[in-house]
C-alpha cells in the first residue's frame with residue numbers, strides 16, 4: 001500500500017525538498033503550486049511525484065486539489081500546508097492587496113484545503129502539517145513583517161485547535177516552525193538578491209548553531225513527524241531554527 005501526501009508550495013524550497021523526501025521513501029506525492037514549470041522541475045526524476053497547478057486562494061481550488069489526489073492516488077495520508085507568501089513593509093506603508101494576499105494564502109488556503117481532505121485523512125488515520133515560522137513564536141515581535149508573522153501565529157492556533165477537534169477522528173495535526181532557511185523566500189518577498197545574501201550572512205552571526213538552515217533539513221523533520229512512530233505527537237508546533245527563537 002503506497003502512502004501519499006499533498007504538499008503545497010511544492011515548486012521550490014521546503015516544499016520541493018519535502019516532496020523529494022517523501023518520494024525517495026516510496027510515497028506518492030501531489031505537489032501543488034501556481035507555477036506549472038516549477039512543479040514540473042520538482043517532479044523531474046521522481047515517478048511518484050505528480051504536479052498539480054492551482055492557485056489555492058481561488059474558490060474551488062482546494063476541492064480540485066483534493067479530487068486530484070483521490071483520482072491519482074486513491075487516498076490522502078498526509079497534508080503539508082506549506083504554501084506561503086510574505087511582503088516586507090512597515091505599518092503606514094502597507095498595500096491592501098498585499099495584506100489580503102498574505103492572509104489568503106497563509107491562512108485561508110490552509111483552512112479550506114484541510115477541510116477539503118478531512119474525510120480522506122480520517123479514513124487513512126492521517127496527519128496535517130502546518131508549516132509556520134519560528135519568527136512568530138512566543139512573545140517575539142517582527143517589525144516590517146508583522147502581517148506575515150500574524151498569519152503564522154494564527155496558523156499555530158489552528159494547529160492546536162484542530163488537534164483537539166480532529167483527534168477523535170484519528171487525525172493528528174502538528175506544526176513545524178522553521179527558522180532562517182536558505183530558500184530565496186526573501187527575494188520572492190521583494191528583496192534584491194544582494195540584500196537577501198546580506199540578510200543570510202547577518203543571520204549566520206545570530207543563530208547559535210552558526211549557520212542558516214537548508215530546505216532538506218526541514219523536509220527531514222516533516223517526514224519524521226508524519227511517520228507512524230510519531231503517532232503520539234499532536235497539537236505541538238516544533239521550532240527547527242538552530243535555537244534562534246530561544247535567544
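The values are calculated or read from the model by the stated rules, or taken from the named source; none is laboratory data. Quick caveat: nothing in here was measured; it's all calculated off a predicted structure. Positions of Cβ are generated from backbone atoms using ideal geometry, with glycine treated the same way; all protein chains shown enter the neighbour counts.
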*Could we say that residue 143 is part of a helix (DSSP H, G or I) and either surrounded by fewer than 16 Cβ atoms within 10 Å (Cβ to Cβ) or touching a strand residue (DSSP E or B) at 6+ places or on another chain (Cβ under 9 Å) (or both) here?*
no
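Would you call residue 174 touching a residue at least 24 places away in the same chain (Cβ under 8 Å), over 15 Å from the mean Cα position of the chain (by Cα), surrounded by 14 or more Cβ atoms within 10 Å (Cβ to Cβ) and closer than 27 Å to residue 42 by Cα? Step through it out loud before you land on a result.
Values: touching a residue at least 24 places away in the same chain (Cβ under 8 Å): yes; over 15 Å from the mean Cα position of the chain (by Cα): no; surrounded by 14 or more Cβ atoms within 10 Å (Cβ to Cβ): yes; closer than 27 Å to residue 42 by Cα: yes.
It is false that residue 174 is touching a residue at least 24 places away in the same chain (Cβ under 8 Å), over 15 Å from the mean Cα position of the chain (by Cα), surrounded by 14 or more Cβ atoms within 10 Å (Cβ to Cβ) and closer than 27 Å to residue 42 by Cα.
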*Report yes if residue 151 is under 13 Å from the mean Cα position of the chain (by Cα), in a loop (DSSP other than H, G, I, E, B) and crowded, with 16+ Cβ neighbours inside 10 Å, otherwise no.*
no
*asked:* Looking at residue 25 and the list (1) in contact with a strand residue (DSSP E or B) (Cβ under 7 Å, 6 or more places away or on another chain); (2) touching a residue at least 12 places away in the same chain (Cβ under 8 Å), which single condition is not satisfied?
replied: (1)
*Going by the structure shown, is residue 56 surrounded by 22 or more Cβ atoms within 10 Å (Cβ to Cβ) and in contact (Cβ under 8 Å) with a residue 12 or more places away in the chain?*
yes
*Among the residues of the range 1-23, which ones are in contact with a helix residue (DSSP H, G or I) (Cβ under 7 Å, 6 or more places away or on another chain), part of a helix (DSSP H, G or I) and under 17 Å from residue 114 (Cβ atoms)?*
18
_Meets criteria (modelled with pLDDT of 95 or more, under 22 Å from residue 143 (Cβ atoms), under 19 Å from the mean Cα position of the chain (by Cα) and surrounded by 19 or more Cβ atoms within 10 Å (Cβ to Cβ)) for residue 106_ = yes
*Which helices (runs of 4 or more DSSP H) does the range 28-109 wholly contain that include 2 or more residues that are within 25 Å of residue 170 (Cβ to Cβ) and touching a helix residue (DSSP H, G or I) at 6+ places or on another chain (Cβ under 6 Å)?*
61-73
*Just to be sure, is residue 71 over 21 Å from residue 186 (Cα atoms), touching a strand residue (DSSP E or B) at 6+ places or on another chain (Cβ under 7 Å) and without any contact (Cβ under 8 Å) to a residue 40 or more places away in the chain?*
no
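Matching residues to (1) surrounded by fewer than 19 Cβ atoms within 10 Å (Cβ to Cβ); (2) under 29 Å from residue 212 (Cα atoms):
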| residue | (1), (2) |
| --- | --- |
| 4 | no, no |
| 20 | no, yes |
| 33 | no, yes |
| 40 | yes, yes |
| 62 | no, no |
| 83 | no, yes |
| 90 | yes, yes |
| 97 | yes, no |
| 114 | no, no |
*Within the bounds of the range 3-15, is there any residue that is on the phi > 0 side of the Ramachandran plot and within 16 Å of the chain's Cα centre (by Cα)?*
yes
